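The values are calculated or read from the model by the stated rules, or taken from the named source; none is laboratory data. If you're wondering where the values come from, they're calculated on a predicted model, not measured in any experiment. Positions of Cβ are backbone-derived with ideal geometry, glycine not excepted, and every protein chain shown enters the neighbour counts. All accessible areas refer to the heavy atoms of the entire protein, side chains included, with ligands and DNA or RNA removed. Shrake-Rupley method; radii C 1.70, N 1.55, O 1.52, S 1.80 Å.
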Amino acid sequence: MFLRRGFILFLPRLVGLLVAACCSVSIVYMLACTPKGDNQQLALPRVHSPTVKEGYEAILQEREEQHRNYIISLNKQIAQLKAELQSRSEQLKSVQDEYSNPLNIRLDHSNPEKAQANLLAFLRSQIDKAEVHSGVKLSTEYATVPFESFTLQKVYQLETGLTRHPEEKPVRKDKRDELIEVIELAVGSLNNPEGDGNVKHRVYTASDFIEGIYRTEKDKGTLYELTFKGDTKHQFKKIVLFRPFGPVMKVKNENVNMADTLINVIVPLAKRANKFRQFMQNFREMGIQQDRRIHLTVVYFGKEQMNEVKSILENTSKSANFKNFTFIQLNEEFSRGKGLDVGARFWKGNNVVLFFCDVDIYFTAEFLNSCRLNTQPGKKVFYPVLFSQYNPSIIYGHHDSIPSLDQQLIIKKETGFWRDFGFGMTCQYRSDFINIGGFDLDIKGWGGEDVHLYRKYLHSNLIVIRTPVRGLFHLWHEKQCLDELTPEQYKMCMQSKAMNEASHGQLGMLVFKQEIETHLHRQKLSSKKT
C-alpha cells in the first residue's frame, strides 16, 4: 500500500526528469547541427569546384543587398532627423514671435487690449533685465555703464560732448526736459505715497531735491536715483525711477538706387600746389576709378601757382580720360565761404549733391556713398565728423621712418581725434543750399563761415545728420594763423592748431622730455656703478 502510494507520488517527478533530459538532448543536437549564421565567415566554395563563379556571385549579391538595405535605413533616419529639426525650428520661431518680437505688439490691431497688455508686460520686463535690483557680472572694467550726477542747476558728466565742459547747465533741450520731468515725477510721488491716503505728510517741492544720479543702458532704459531732504538733518528720502525703452518698431523699408546720383566736389584753393597734387591722387583713385559718379569744381583765388594747379588738373584729365571738372578763377583775396558759394551757384545742371571739401582732405569711395545716402532734397543734409590726423613727425618720431599715407590713416587715439568742432566738410543738395541762403559772404579768410551755414540748417526744418565717419580724414599740415584774422578767428585758429599736433599724452612727453632724459641718464649711471 505504502509502496504503491509512494510510486504514484514519484511518477510525476520521474516524468519531469525524462522531459528535461529530452529537451537537453534536443538543444545539444540543434547547436551541433545548425549551419553557421551570417555573422560567421561564409564557407567559400572550393576553387576547383564547378560552381565557384556562381558561388562568388551569390556571396557578392548578398553583400550588396545588405549594404543597400543599410543605406536605405540611414537615409530614412536622416530624413526623420531633418523633419524633427524643421519642426523644432518652427516651434522656436513661433515662441520668439510671440514673446520676443515687439512688432506683434504694434501690429495686433484686432485686439487692442491684448496689445496694450503685451506692451505693458514688455516694459515691466525691461526693469528685470536692467541692472536695477541686483548687479550684473561684467567681464572687464570697460563694460561698466557709468552714472552721471545732477542737481537742480548742473549736470556732472563723463561724456562732455562738443562743449568739453565736465559740468554744465544742460544745453540740449531733450536732456533738460528729461531731468525736469524726472524731478517733477519724484516730487509728485513723494506727495502722494501709496497706501497712506488718510495720513498727513509734509509737502515736498523741487527745492527739497539734493542730488540725483542716472545712467542709460541703451537696450533697456534709463535708471534714475533721486535723493531728497527728509524730516530731520540725517534723514533722507530716496526715489528710484526707471524709464523703460519700448520695443523696436519698423518705420521704413525701402530700396535706394544711387546709380545716377552725381556728387559735385567743390574745392576752394589759393596756392598750395603740392597739396593739390596729393589731393588729385586721392580724387583719381577714389572718385574717378572707383566711384565714377563725380564732378570736380576748383575755385582758385589769385594767379600765383595757378598755372601749376591747372596743369595738375589737365594731366589728370588726360591720363584718366576725365572730363567732369570745372575750373573757376577769382582775382580776389581768398575766402573759403566765397569760393564754395561761387562753385555751388556755378552749376547749371540738374539738382546735384554738393560735397564741400578742402585740399587737405582724404576720402574713400565708401564715404561718397555715405554722402549720397545721408542727403535728401528738402529733407536731410549731412555733416560728417571726420578723423583728424596728428603730426606724423610726433606720432612716429621714435620710428626709423614715417609710414606711407595709407598706413597712417588708422583710427586710433594715438593717431588722431574726431574733429567734432569742425563743420566745414558737408554734403547737401544744391537746392537746399540755395534755399537756405548759402554762405555769409561778409566773412573773410579762415573759419566762421561753416558754423554760420551749419546754424542755418539747424534753424530750419531739415534733418541734420551728424555722425563720425570712417572714410573721411583731415591730413595733418602745419597751420599758419595770420595776423589779419579777427581776434575771434585767431583764437579759433590757435585752438585748432594746438589740437592738431598730438594727443594730450604725446604733448606731455614733449613738455617733460628733459626730465625723462635726465631720469634715463641717472638710471644708466646707477647701473654702471652696480
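When you scan region 446-468, do you find a residue that is open to solvent by 60 Å² or more (accessible area, probe 1.4 Å), of a type in the set (Asp, Glu) and not assigned by the TED database to the domain that holds Leu162, even just one?
No, every residue in region 446-468 fails to be open to solvent by 60 Å² or more (accessible area, probe 1.4 Å), of a type in the set (Asp, Glu) and not assigned by the TED database to the domain that holds Leu162.
Could you go through region 139-146 and let me know if any residue there is in contact (Cβ under 8 Å) with a residue 60 or more places away in the chain, surrounded by 11 or more Cβ atoms within 10 Å (Cβ to Cβ) and under 29 Å from the mean Cα position of the chain (by Cα). Yes; the residues of region 139-146 include at least one that is in contact (Cβ under 8 Å) with a residue 60 or more places away in the chain, surrounded by 11 or more Cβ atoms within 10 Å (Cβ to Cβ) and under 29 Å from the mean Cα position of the chain (by Cα). Residue pairs whose Cβ atoms lie under 6 Å apart, sitting 6 or more positions apart in sequence or on different chains, and linking a residue in region 159-187 that is assigned to a helix (DSSP H, G or I) to a partner that is open to solvent by less than 70 Å² (accessible area, probe 1.4 Å) and β-branched (Val, Ile, Thr), are Ala186/Ile239. Tell me yes or no: at least one residue of region 287-300 is in contact with a Lys or Arg (Cβ under 7 Å, 6 or more places away or on another chain), buried (at least 17 other Cβ atoms within 10 Å of the Cβ) and either aromatic (Phe, Trp, Tyr) or assigned to a loop (DSSP other than H, G, I, E, B) (or both). No, because not a single residue in region 287-300 is in contact with a Lys or Arg (Cβ under 7 Å, 6 or more places away or on another chain), buried (at least 17 other Cβ atoms within 10 Å of the Cβ) and either aromatic (Phe, Trp, Tyr) or assigned to a loop (DSSP other than H, G, I, E, B) (or both).
The rows are residues; the columns are (1) at positive phi; (2) in contact with a strand residue (DSSP E or B) (Cβ under 7 Å, 6 or more places away or on another chain); (3) among the small types (Gly, Ala, Ser).
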position	(1), (2), (3)
Ala206	no, no, yes
Ile210	no, yes, no
Thr227	no, yes, no
Phe236	no, yes, no
Pro244	no, yes, no
Val256	no, no, no
Val267	no, yes, no
Thr297	no, yes, no
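Taking (1) free of Cβ contacts under 8 Å to residues at least 24 places away in the same chain; (2) open to solvent by less than 70 Å² (accessible area, probe 1.4 Å); (3) part of a loop (DSSP other than H, G, I, E, B); (4) closer than 24 Å to Val381 by Cα in turn, Lys479 satisfies each apart from (4).
Restricting region 374-430 to residues that are of a type in the set (A, V, I, L, M) and free of Cβ contacts under 8 Å to residues at least 12 places away in the same chain, the residue that is nearest to Asp341 (Cα to Cα) is Ile410.
Listed by position, the strands (runs of 3 or more DSSP E) enclosed by region 358-443 that each have at least 2 residues that are touching a strand residue (DSSP E or B) at 6+ places or on another chain (Cβ under 8 Å) and at pLDDT below 95 are 380-389, 416-418.
In region 221-248, of all residues being touching a Pro at 6+ places or on another chain (Cβ under 7 Å) and in a loop (DSSP other than H, G, I, E, B), the one that is modelled with the highest pLDDT corresponds to Pro247. Taking each residue of region 487-511 that is over 18 Å from Thr415 (Cβ atoms) and looking for partners that are surrounded by 13 or more Cβ atoms within 10 Å (Cβ to Cβ) and of a type in the set (Phe, Trp, Tyr) with beta-carbon atoms closer than 9 Å, six or more apart or interchain, yields Gln489/Trp446; Met492/Phe421; Met492/Trp446; Cys493/Trp446; Gln495/Phe421. Here Val203, Val182, Val248, Val199 are screened, and the one residue that is under 35 Å from the mean Cα position of the chain (by Cα) and surrounded by fewer than 15 Cβ atoms within 10 Å (Cβ to Cβ) is Val248. Of all residues in region 500-522, none satisfies being within 29 Å of Lys380 (Cα to Cα), among the charged types (D, E, K, R) and open to solvent by less than 50 Å² (accessible area, probe 1.4 Å).
Being open to solvent by 100 Å² or more (accessible area, probe 1.4 Å), out of contact with any helix residue (DSSP H, G or I) (no Cβ under 7 Å at 6 or more places or on another chain), part of a helix (DSSP H, G or I) and modelled with pLDDT under 80 holds for only one residue in Glu62, Glu90, and it is Glu90.
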